[in-house]
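What follows is a single structure, written as structure tokens, with notes after it.
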Amino acid sequence: MTKKYNIAIVGATGAVGQMMIQVLLERKFPINELYLLASKKSDGKKINILNKEFTVKALDGFDFSGIDIALFSAGSNISEKYAKEATNKNSIVIDNTSFFRYEEDIPLIVPEINASQITHYKKTGIIANPNCSTIQMLVAIKPIHDLCKVIRINVCTYQAVSGTGNNAIKELNDQVNAYVNNNEILWDVYPKQIAFNVIPQIDNFMENGYTKEEMKMVWETKKILDEKIEVNPTTVRVPVFYGHSEAIHLELEKNITSNEAKNILSAKDSGVILIDEHIDGGYPCAANECENSNDVYVGRVREDISCKNGLNMWVVSNNIRKGAAFNSVQIAEHLIKDYI
Ligand code: A2P
């Protein structure tokens, strides 16, 4: 008989937490008991996912004994406070926040790239899930990097509001409604209006003038793919509900043609879906391709006409799925296949 596992989701009422439940169900993950945890105010709340009703419990006071895998997505402060509580009870934590990502002993995993590193969870009991923008960028450039080393990445992101959570989805919705009804547009989650606007700030500013989201792309690329790769990021919030888009400009060790790149990216095992036709709409877009997909889409592959070994591409993926919930569930699938 297939072994079944006790799973806890911390932050189960959130944008990512609810998707974690959905992806576990979609993938028919072998679950014995599923515990959905959130703040005290959600204790007893019912949530409906794929026509199944679930009851939420308060995280505070929850006993992690007997939990095989705990998926955390309730913010860094909650991971800081409760992840060790879970590992002390022998649960394995897959943490979707940035709290543990840069600790040397803690593996930071994109299964298509470095699944072999999962084994290092044994030291701390924790595996970190990378930042959403980093995951889709690295899945897309991995096949290129395998063929011809990437030296430098220039990247501009166009990131959906769902990455900030349910409050931000509501803020965009409310602002659109206010606009069409001629009401005053108010904001609270973002520092400026997000509806019909583009905001060049994601997360807090760092001392070097970059934002933390930008530095996450730098640090995580080095930790996951190759420490030699330099990254020059600008991360931008756009009024899209689901799906991050990225304009990526690679500098490679040597020249490869756009046709060579497209051949690798369209190979069966490339890990991406290539949509690249020189016709109107012959490229992936967040609202069209990403809404219900776990995949990473690539388009607009072309040689950089301004730089000798440059290659440009457009990368789109659902930030809540591949950027968060699906990647975490993939890690959990590796755990049950190879380790527990
Ligand atoms: P709750 O709905 O009870 O506030 P999002 O990323 O969409 O904003 O979701 C954040 C998630 O983190 C929600 O599930 C939220 O639960 C949860 N959360 C926030 N604060 C706490 C807390 N103190 N303890 C447990 N879960 C929390």
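The values are calculated or read from the model by the stated rules, or taken from the named source; none is laboratory data. Remember, it's a predicted structure, so these values are computed and weren't measured experimentally. Cβ placement follows ideal geometry from the backbone for every residue including glycine, while neighbour counts extend to all protein chains displayed. Note: accessible area is taken over every heavy atom of the protein model, side chains too, but ligands, DNA and RNA are not part of it. Shrake-Rupley method; radii C 1.70, N 1.55, O 1.52, S 1.80 Å.
Quick notes on this structure:
- Within the stretch 238-288, the set of residues being modelled with pLDDT of 95 or more and among the basic types (Lys, Arg) comprises 254, 262.
- Hits in the stretch 1-20 - residues which are open to solvent by less than 20 Å² (accessible area, probe 1.4 Å) and farther than 19 Å from residue 243 by Cα: 5, 7, 8, 9, 10, 11, 12
- So residue 98, is it over 19 Å from the mean Cα position of the chain (by Cα) and of a type in the set (S, T, N, Q): no
- Candidate set: the stretch 262-310, residues that are buried (at least 17 other Cβ atoms within 10 Å of the Cβ), of a type in the set (A, V, I, L, M) and out of contact with any Pro (no Cβ under 8 Å at 6 or more places or on another chain); chosen: the one farthest from residue 145 (Cα to Cα): 286
- If you go through the stretch 148-168 and pick out every residue that is open to solvent by less than 80 Å² (accessible area, probe 1.4 Å) and not in a strand (DSSP E or B), you end up with 9.
- Evaluated against (1) within 16 Å of the chain's Cα centre (by Cα); (2) surrounded by fewer than 24 Cβ atoms within 10 Å (Cβ to Cβ); (3) under 24 Å from residue 61 (Cβ atoms), residue 90 falls short on exactly one condition, (1).
- Among residues of the stretch 93-107, those that are buried (at least 24 other Cβ atoms within 10 Å of the Cβ) and either farther than 16 Å from residue 9 by Cα or more than 16 Å from the ligand (Cβ to nearest atom) (or both), counted: 1
- Set side by side, the residues 227, 171 differ, and just one is crowded, with 17+ Cβ neighbours inside 10 Å and not hydroxyl-bearing (Ser, Thr, Tyr), which is 171.
- 1 or more residues within 16 Å of the ligand (Cβ to nearest atom) and among the polar types (S, T, N, Q): qualifying strands (runs of 3 or more DSSP E) within the stretch 1-91: 46-49, 52-58
- For residue 75: the one exception among (1) touching a residue at least 60 places away in the same chain (Cβ under 8 Å); (2) open to solvent by less than 40 Å² (accessible area, probe 1.4 Å); (3) at negative phi: (3)
- Criterion (open to solvent by less than 90 Å² (accessible area, probe 1.4 Å), away from the ligand (no atom under 16 Å from the Cβ) and assigned to a helix (DSSP H, G or I)) met by exactly one of 177, 197: 177
- Residues that are assigned to a helix (DSSP H, G or I), open to solvent by less than 10 Å² (accessible area, probe 1.4 Å) and farther than 15 Å from residue 270 by Cα, drawn from the stretch 108-147: 118, 133, 134
- Search result, residues across the stretch 320-329 that are assigned to a helix (DSSP H, G or I) and either farther than 15 Å from residue 121 by Cβ or touching a Lys or Arg at 6+ places or on another chain (Cβ under 9 Å) (or both): 321, 322, 323, 324, 325, 326, 327, 329
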